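The values are calculated or read from the model by the stated rules, or taken from the named source; none is laboratory data. Given the structure is predicted, the values throughout are model-derived calculations rather than measurements. Cβ placement follows ideal geometry from the backbone for every residue including glycine, while neighbour counts extend to all protein chains displayed.
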Amino acid sequence: DAGVTQSPTHLIKTRGQHVTLRCSPISGHKSVSWYQQVLGQGPQFIFQYYEKEERGRGNFPDRFSARQFPNYSSELNVNALLLGDSALYLCASSLDRRGNQPQHFGDGTRLSIL
Amino acid sequence: GQSLEQPSEVTAVEGAIVQINCTYQTSGFYGLSWYQQHDGGAPTFLSYNALDGLEETGRFSSFLSRSDSYGYLLLQELQMKDSASYFCAVYGQNFVFGPGTRLSVLP
């Protein structure tokens with residue numbers, strides 16, 4: 001079975017631009033979470049979506065938004081990009097939103113802001 | 001708020017045993033998870049503890065004490081491939097990951 005897939009793998013943008021990152025969860029998984037990981041730090045929680053509804057939001061500005069589609073895939077959108085948004089963006093899926101369910105991570109999208 | 005603390009680095013030799021500690025402060029707590037991440041790779045799930053005590057999975061074991069807001073990951077019979085970063089993560093209101101412990105296994 002395919003794991004969590006993310007696209008694109010790498011992206012270069014300039015300040016002020018907008019970006020959309022995509023994630024396809026493992027088949028049968030209904031929960032998708034997004035994380036930002038800066039080199040040398042742990043993943044920082046951005047959003048969790050379950051059954052197409054936002055179930056959790058981390059401490060990120062309103063420039064960050066996301067949505068989940070009927071097929072449980074998800075998009076993360078970031079507007080008005082800043083240099084500090086340069087990071088690895090990870091998507092993780094799990095069967096449901098309970099904390100005892102392992103999160104399965106994709107390989108991430110590496111976003112560089114110039 | 002929620003915060004986790006882990007040692008930043010641990011070094012050990014092949015065949016040894018190493019323990020990585022994690023202390024947490026969280027509003028709402030359902031369980032403590034551990035993830036492994038190799039350089040350039042994605043985090044992979046290792047274990048989950050919801051109740052006090054020790055959970056064993058092969059060479060890896062994880063312990064939780066809810067009263068002490070403390071847990072640890074125990075890695076036995078260390079191998080070179082265990083060199084990676086290890087993150088504890090708390091599921092309370094949301095998932096919160098610790099800063100990570102970089103484990104270096106020396107020959």
For this session: Output the qualifying pairs, or none if there are none: Cβ atoms under 9 angstrom, residues six or more apart or on different chains, first residue in the stretch B:15-30 and within 12 Å of B:SER69 (Cα to Cα), second residue in a loop (DSSP other than H, G, I, E, B) and of a type in the set (Asp, Glu).
Result: B:THR23/B:ASP68
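Condition check ((1) in contact with a strand residue (DSSP E or B) (Cβ under 8 Å, 6 or more places away or on another chain); (2) modelled with pLDDT of 95 or more; (3) farther than 19 Å from A:ASN100 by Cα; (4) surrounded by 13 or more Cβ atoms within 10 Å (Cβ to Cβ)) across all residues:
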{"site": "A:LEU11", "(1), (2), (3), (4)": "yes, yes, yes, yes"}
{"site": "A:LEU21", "(1), (2), (3), (4)": "yes, yes, yes, yes"}
{"site": "A:TYR50", "(1), (2), (3), (4)": "yes, no, no, yes"}
{"site": "A:SER73", "(1), (2), (3), (4)": "yes, yes, yes, yes"}
{"site": "A:ALA80", "(1), (2), (3), (4)": "no, yes, yes, no"}
{"site": "A:LEU83", "(1), (2), (3), (4)": "yes, yes, yes, no"}
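Checking the structure you have, find out if any residue of the stretch B:66-82 is over 13 Å from the mean Cα position of the chain (by Cα), under 28 Å from A:THR109 (Cβ atoms) and free of Cβ contacts under 8 Å to residues at least 40 places away in the same chain.
First pass over the stretch B:66-82, keeping only residues over 13 Å from the mean Cα position of the chain (by Cα): B:66-69, B:76-81.
Now drop any that are not under 28 Å from A:THR109 (Cβ atoms), which leaves B:81.
From the residues that got through so far, the ones that are free of Cβ contacts under 8 Å to residues at least 40 places away in the same chain too are B:81.
Scanning the stretch B:66-82, I find at least one residue that is over 13 Å from the mean Cα position of the chain (by Cα), under 28 Å from A:THR109 (Cβ atoms) and free of Cβ contacts under 8 Å to residues at least 40 places away in the same chain, so the answer is yes.
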Problem set entry | Qualifying position, being touching a residue at least 12 places away in the same chain (Cβ under 8 Å), assigned to a strand (DSSP E or B) and within 12 Å of chain B (Cβ to nearest Cβ), among A:ARG55, A:ARG67 | A:ARG55
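The rows are residues; the columns are (1) of a type in the set (Val, Ile, Thr); (2) facing another protein chain (nearest Cβ under 10 Å).
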{"residue": "B:THR23", "(1), (2)": "yes, no"}
{"residue": "B:SER33", "(1), (2)": "no, yes"}
{"residue": "B:GLN37", "(1), (2)": "no, yes"}
{"residue": "B:GLU55", "(1), (2)": "no, no"}
For this session: Could you check, for the stretch A:52-63, whether at least one of its residues is acidic (Asp, Glu), farther than 26 Å from B:ASN49 by Cα and either loosely packed, with under 14 Cβ neighbours inside 10 Å or at pLDDT below 95 (or both)?
Result: yes
Exercise. Taking the stretch A:47-86 only, how many residues are within 17 Å of B:GLY98 (Cβ to Cβ) and not polar (S, T, N, Q)?
Worked result: 1
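Which of the residues spanning the stretch A:33-52 are hydrophobic (A, V, I, L, M, F, W, C) and part of a strand (DSSP E or B)?
Initially, the stretch A:33-52 is screened for residues hydrophobic (A, V, I, L, M, F, W, C), giving A:34, A:38-39, A:45-47.
A:TRP34, A:PHE45, A:ILE46, A:PHE47, listed by residue number.
Looking for whichever is among the small types (Gly, Ala, Ser), within 14 Å of chain A (Cβ to nearest Cβ), under 18 Å from A:PHE45 (Cβ atoms) and surrounded by fewer than 17 Cβ atoms within 10 Å (Cβ to Cβ) here; the options are B:SER3, B:SER8. Which one fits? Full working, then the answer.
On the way: B:SER8 fails: under 18 Å from A:PHE45 (Cβ atoms).
Sole residue among the options that is among the small types (Gly, Ala, Ser), within 14 Å of chain A (Cβ to nearest Cβ), under 18 Å from A:PHE45 (Cβ atoms) and surrounded by fewer than 17 Cβ atoms within 10 Å (Cβ to Cβ): B:SER3.
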Exercise. So, in the stretch A:1-32, of the ones that are assigned to a loop (DSSP other than H, G, I, E, B) and of a type in the set (A, V, I, L, M, F, W, C), which residue ends up farthest from A:PHE47 (Cα to Cα)?
Worked result: A:ALA2
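Select from the stretch B:39-53 the residues that are of a type in the set (Gly, Ala, Ser), surrounded by 12 or more Cβ atoms within 10 Å (Cβ to Cβ) and either away from every other protein chain (no Cβ under 11 Å) or assigned to a loop (DSSP other than H, G, I, E, B) (or both) and list them in ascending order. I'd like the intermediate steps shown before the answer.
Within the stretch B:39-53, the first condition is being of a type in the set (Gly, Ala, Ser), and the residues that meet it are B:40-42, B:47, B:50, B:53.
Still in the list and also surrounded by 12 or more Cβ atoms within 10 Å (Cβ to Cβ): B:41-42, B:47, B:50.
Result: B:GLY41, B:ALA42, B:ALA50.
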Exercise. From the list A:HIS104, A:HIS18, A:HIS29, which residue is closer than 18 Å to B:PHE97 by Cβ and of a type outside the set (A, V, I, L, M, F, W, C)?
Worked result: A:HIS104
Seminar exercise, completed: Within the stretch B:73-107, residues being modelled with pLDDT of 95 or more, in contact with a Ser or Thr (Cβ under 8 Å, 6 or more places away or on another chain) and surrounded by fewer than 20 Cβ atoms within 10 Å (Cβ to Cβ) number 7
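Quick one: which of A:ARG15, A:ARG110, A:ARG97 is surrounded by fewer than 16 Cβ atoms within 10 Å (Cβ to Cβ) and either modelled with pLDDT of 95 or more or within 12 Å of another protein chain (Cβ to nearest Cβ) (or both)? Before the answer, list the steps.
Values: A:ARG110 fails: surrounded by fewer than 16 Cβ atoms within 10 Å (Cβ to Cβ); A:ARG97 fails: surrounded by fewer than 16 Cβ atoms within 10 Å (Cβ to Cβ).
It is A:ARG15.
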